[in-house]
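In what follows, a single structure is set out as structure tokens and then discussed.
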Amino acid sequence: MTKTRSPIRSNVGLKAVMAVTGILLVLFLVVHMLGNLKIFTGETSFDHYAHWLRDIGTPLLPHTWYLWIQRTVLTVAVVAHIVAATVLARRARAARPVKYAHRKKVRGSYAARTMRWGGVIILLFVIYHILDLTTGHLNPQGDASNPYGNVVADFAPERWYVTLFYTLAIVTVGFHLRHGAYSAFRSLGQQTPRGERRARAGALVLAVALCAGYLVVPFAVLTGLVS
Ligand code: HEM
């Protein structure tokens, strides 16, 4: 009896998993970036926003439940994104009949070639970032009741290397996102040179806007604009 592969395990199914989980993660990134920008509205307003995050859904849901549902969905999305990417990459490698004697110059953009390592760096950054600004273990202040103070303490001028590290991680997110969004826009749009150009431009605009929105916060603290 021949085993049939469930549709989700087909290449098309796995690409759909990549796309759906990628969209969820981008949505989180956009909302998180907009939330971070509230730092420019002052300490009381930013801290209030952070406390409100824990109250979303109340009284229908108990305190922090929404946050935990979101965390669960994001974790499942990250795991599914990684698993689908790994299976697709393995299949692509297995489909190559003979290994190249000399590795040919790989075609495609810099972003396309660095998707795997970009993903690993982003994952490591997110783990560090949660220990820094969510649990506070790696933060010089680490006061859960004062997220504004935690951000200001984190990116203080004498801790310029933290801003440097965040900058590298966020630029990596930008490259990863540009390639992911380009692939998605290309699949959804017209398969013509014009459609291709549009997909490329749209992905670039999204990636640059997101990078700028994230980077403005540490640099505002570093330069004393936010203190
Ligand atoms: C300079 C840029 C960033 C700043 C200032 C920042 C700030 C913060 C702060 C203050 C929190 C804690 C929120 C709270 O517990 O109330 C947080 C949580 C988080 N951030 Fe960021 N963030 C930045 C970039 C990023 C990036 C690029 C990612 C993803 C690639 C990310 C992913 C997360 C995640 C997953 C959490 C945990 C959310 C939760 O508690 O469920 N952040 N961030």
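The values are calculated or read from the model by the stated rules, or taken from the named source; none is laboratory data. Predicted model only: the values in this text are computed from it and were never measured. Here Cβ is always computed from backbone atoms with ideal geometry, including for glycine, and neighbour counts include all displayed protein chains. Surface areas here come from the heavy atoms of the whole protein model, side chains and all, with no ligands, DNA or RNA. Shrake-Rupley method; radii C 1.70, N 1.55, O 1.52, S 1.80 Å.
Between ARG5 and TRP160, take the C-beta separation as r, use R0 = 35 Å, and let me know the FRET efficiency to the nearest 0.05. Could you put the intermediate results ahead of the total?
Values: r = 51 Å, r/R0 = 1.47.
The formula returns an efficiency of 0.10 here.
You can think of it this way: the chain between ARG91 and VAL79 has 2.5 nm of extra reach, that is 0.36 nm per residue less the Cα-Cα gap.
Ordering 125-136, 185-196 by mean Cβ neighbour count within 10 Å, with the highest value first, yields 125-136, 185-196.
Expressed as a whole percent, the accessible area of the chain that falls on carbon and sulfur atoms is 69 (1.4 Å probe).
Using just the helices of the chain, give the 222 nm mean residue ellipticity in deg cm²/dmol: DSSP H runs with n ≥ 4 each add -39,500 (n - 2.57), and the total is spread over all residues, rounded to 500.
Numbers: 8 runs with 154 residues, N = 227.
It lands at -23000 deg cm²/dmol.
Remark: the chain projects, on average over all directions, an area of 17.8 nm² (convex hull of Cα atoms). Considering the dipole of segment 127-227 built from charges on the beta carbon (Lys and Arg +1, Asp and Glu -1) around the Cα centre, which of ASN146, ALA199, VAL162 is farthest to its positive end? Ranked along the dipole, the leading option is ALA199. Calculated FRET efficiency, HIS51 to LEU29, Cβ-Cβ distance, R0 = 25 Å: about 0.70 to the nearest 0.05. Normalised per residue, the accessible area of the chain is 67 Å², obtained with a 1.4 Å probe and no contribution from ligands, DNA or RNA. Between VAL205 and THR192, the distance separating the two model label sites (each 7 Å from Cα on the Cα→Cβ line) works out to 1.9 nm.
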